[in-house]
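Novice: Supplied in structure tokens, the structure appears directly below.
The values are calculated or read from the model by the stated rules, or taken from the named source; none is laboratory data. This is a predicted model, so every value here is computed, not measured. Positions of Cβ are generated from backbone atoms using ideal geometry, with glycine treated the same way; all protein chains shown enter the neighbour counts.
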Amino acid sequence: MNEREKAINALIKNARDVSTSRKSEVLGWPNIVTAVGKGDGYIPGYIPYIGKDFFSKKLEGARIIIYALSQNLKSDMDLAKDWATSWHEPDKDEKALNRQNCSCEKEGKGIMMHPFDTGHLPVIAAMLLEQLGKNPNSLASIYDVVAATNLSKYSFRNASGRTTDCNESLNKCLEWFTQYEIEILKPDYIICAGNAVWGMLNKNKFEGVKIVKVAFPSLQVINRWHKKYKACKKYKPDEILSMLPKNDHEKDVDYKGKNLRYIIERDFVYFSNMYSEIDKRLKCIP
């Protein structure tokens, strides 16, 4: 069993234990999303996506895990119903507890973490590696060398169906999941997508881990704050592409059948600004 397999097994055990022991507490949280028509509808927590070369010796000193906020499930989603059911079945529970890796490896559907599957966060990771002098364009794929997940392992919607945050979930998931994820995966860097994630993780000093914040790459954020005329320093799309492995340039992303090249060309100002933001953050890290 290799290092990645050992990590996945340990993290699944923790996710199973937490999801079992904390079930009643989680179901008591206001606005928690549960799956309709499936018993109590409880949807368990889950482990991070871990790239197949995450533990590669090539990236010693620059191992990266990316955190976004939550999965934003809906109660009537078929996936939510499936996870609420399968995690009770020993031969199927990996579908729910290891959903991000299963989705990527067995179903080819990305990792079900939208700002990652649109390609934005993998590009951010490549930019960080570039600034650390790790020559990311020499890798087989940036997707193979990073880990990624959400800080909150649960989803919340108010009475009108709008996605809501839950500070209790963020705090508890940090305690129940994140601390163990950091212990097992031993990243050198954490990329936080957005202020809420940054606020939670930055106040917890993980020994030996450096934390970098970037703007959450939703279209709303990009269109409001990162339009063409708001670039700190404009990096041309081809300059950004050059930081990534060639195998990734035409990679399909979760946006209208487009590829990663399209996302970079469309949002090059956002990426330019985030390159500058990463540089600024690195200079502030002791």
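Novice: Residues that are part of a loop (DSSP other than H, G, I, E, B), out of contact with any Lys or Arg (no Cβ under 8 Å at 6 or more places or on another chain) and more than 20 Å from L151 (Cα to Cα): does segment 47-57 have at least one?
Specialist: Yes, segment 47-57 has at least one match.
Novice: Further question: Just wondering, is there one or more residues in segment 250-259 that are without any contact (Cβ under 8 Å) to a residue 40 or more places away in the chain, in a helix (DSSP H, G or I) and surrounded by fewer than 15 Cβ atoms within 10 Å (Cβ to Cβ)?
Specialist: No, segment 250-259 contains no residue that is without any contact (Cβ under 8 Å) to a residue 40 or more places away in the chain, in a helix (DSSP H, G or I) and surrounded by fewer than 15 Cβ atoms within 10 Å (Cβ to Cβ).
Novice: A follow-up question, please. When you look at K109, is it at pLDDT below 95, outside any helix (DSSP H, G or I) and closer than 22 Å to N247 by Cβ, yes or no?
Specialist: Numbers: at pLDDT below 95: yes; outside any helix (DSSP H, G or I): yes; closer than 22 Å to N247 by Cβ: yes.
Here the answer is yes, as K109 does meet what is asked.
Novice: For the structure I just gave you, tell me whether D248 is farther than 23 Å from N167 by Cβ and in contact with a Gly (Cβ under 9 Å, 6 or more places away or on another chain).
Specialist: The answer is yes for D248.
Novice: Look at segment 62-103 and say how many of its residues are assigned to a helix (DSSP H, G or I), buried (at least 22 other Cβ atoms within 10 Å of the Cβ) and aliphatic (A, V, I, L, M).
Specialist: Final tally of qualifying residues: 4.
Novice: Let me ask you something else. Could you please find all residues in segment 9-35 being assigned to a helix (DSSP H, G or I) and of a type in the set (V, I, T)? Lay out the reasoning, then the answer.
Specialist: Looking only at segment 9-35, we keep the residues that are assigned to a helix (DSSP H, G or I), and these are 9-21, 23-27.
Of everything in segment 9-35, those that are assigned to a helix (DSSP H, G or I) and of a type in the set (V, I, T) turn out to be I12, V18, T20, V26.
Novice: Could you tell me which numbered condition K186 fails, if it satisfies all but one of (1) basic (K, R); (2) surrounded by fewer than 20 Cβ atoms within 10 Å (Cβ to Cβ); (3) over 23 Å from V18 (Cα atoms)?
Specialist: (3)
Novice: From the residues in segment 50-61 that are crowded, with 17+ Cβ neighbours inside 10 Å and either among the hydrophobic types (A, V, I, L, M, F, W, C) or free of Cβ contacts under 8 Å to residues at least 12 places away in the same chain (or both), which one is farthest from A7 (Cα to Cα)?
Specialist: L59
Novice: Which is in contact with a Gly (Cβ under 6 Å, 6 or more places away or on another chain) and of a type in the set (A, V, I, L, M), of A96, A84? Full working, then the answer.
Specialist: Working: A96 fails: in contact with a Gly (Cβ under 6 Å, 6 or more places away or on another chain).
The unique qualifying residue is A84.
Novice: Another question about this same structure. State whether the residues of segment 108-120 include one that is touching a Ser or Thr at 6+ places or on another chain (Cβ under 9 Å), surrounded by fewer than 20 Cβ atoms within 10 Å (Cβ to Cβ), without any contact (Cβ under 8 Å) to a residue 12 or more places away in the chain and closer than 28 Å to Q220 by Cβ.
Specialist: Yes, that holds for at least one residue.
Novice: Could you list, in sequence order, all residues of segment 141-176 that are touching a strand residue (DSSP E or B) at 6+ places or on another chain (Cβ under 8 Å), assigned to a loop (DSSP other than H, G, I, E, B), farther than 30 Å from P245 by Cα and not polar (S, T, N, Q)?
Specialist: Y154, D165, C166
Novice: Further question on the same structure: For segment 177-221, give me the residue count where each residue is part of a loop (DSSP other than H, G, I, E, B), in contact with a helix residue (DSSP H, G or I) (Cβ under 8 Å, 6 or more places away or on another chain) and either closer than 22 Å to M127 by Cβ or among the hydroxyl-bearing types (S, T, Y) (or both).
Specialist: The total comes to 6.
Novice: What single numbered condition from (1) among the hydrophobic types (A, V, I, L, M, F, W, C); (2) crowded, with 21+ Cβ neighbours inside 10 Å; (3) closer than 17 Å to M274 by Cα fails to hold for A147?
Specialist: Here A147 meets the rest and fails (3).
For (1) within 13 Å of the chain's Cα centre (by Cα); (2) closer than 30 Å to Y235 by Cα; (3) not basic (K, R), each residue gets a yes or a no:
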| residue | (1), (2), (3) |
| --- | --- |
| H88 | no, no, yes |
| D93 | no, no, yes |
| I142 | no, yes, yes |
| V146 | yes, yes, yes |
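Novice: Listed residues A125, A140; which is small (G, A, S) and surrounded by fewer than 18 Cβ atoms within 10 Å (Cβ to Cβ)?
Specialist: Numbers: A125 fails: surrounded by fewer than 18 Cβ atoms within 10 Å (Cβ to Cβ).
Just a single option satisfies the conditions, and that option is A140.
Novice: Could I ask something else about it? If only one of P115, P122 is in a helix (DSSP H, G or I), in contact with a Leu (Cβ under 6 Å, 6 or more places away or on another chain) and either among the small types (G, A, S) or more than 22 Å from A35 (Cα to Cα) (or both), which one is it? Spell out the reasoning first.
Specialist: Numbers: P122 fails: in contact with a Leu (Cβ under 6 Å, 6 or more places away or on another chain).
None of the other options fit; the residue is P115.
Novice: State all residues of segment 169-183 that are among the acidic types (D, E) and surrounded by fewer than 19 Cβ atoms within 10 Å (Cβ to Cβ); if no residue qualifies, say none.
Specialist: Of everything in segment 169-183, those that are among the acidic types (D, E) and surrounded by fewer than 19 Cβ atoms within 10 Å (Cβ to Cβ) turn out to be E175, E183.
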